[in-house]
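This report concerns only the one structure given below.
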Amino acid sequence: MPRGDGTGPGGQGPGTGRGMGGAGFGTGMGGGRGRMGGPMAGGPGGQCICPACSRTVPHTPGQPCSSIACPQCGKPMTRQG
């Protein structure tokens, strides 16, 4: 649509994208993959693990593991998928 009058070519794709009324734009939602192409680690379940001493604690929904100090050595914990 070079002039914005709606006479341009039709969109490509299956028409399952979001935001443009499904008029052939995009390819829909991801596919259950998180940032950097890996599986999503978020969600209510899972464990927080200490990278220094490998101690694990249950993940608390709504609280990032990085804000939890390890009960054994005091280092910030990370999320374990």
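The values are calculated or read from the model by the stated rules, or taken from the named source; none is laboratory data. Quantities reported herein were computed from a predicted structural model and do not represent experimental measurements. Every residue, glycine as well, gets a Cβ built from its backbone with ideal geometry; the counts of neighbours run over all protein chains shown. SASA here: full protein model, heavy atoms, side chains in, ligands and nucleic acids out. Shrake-Rupley method; radii C 1.70, N 1.55, O 1.52, S 1.80 Å.
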- Mind checking which residues of segment 57-78 are loosely packed, with under 15 Cβ neighbours inside 10 Å and in contact with a Gly (Cβ under 9 Å, 6 or more places away or on another chain)? 58, 61
- Task: Go through segment 42-56 residue by residue and tally those that are open to solvent by 60 Å² or more (accessible area, probe 1.4 Å) and within 20 Å of the chain's Cα centre (by Cα).
- Result: 3
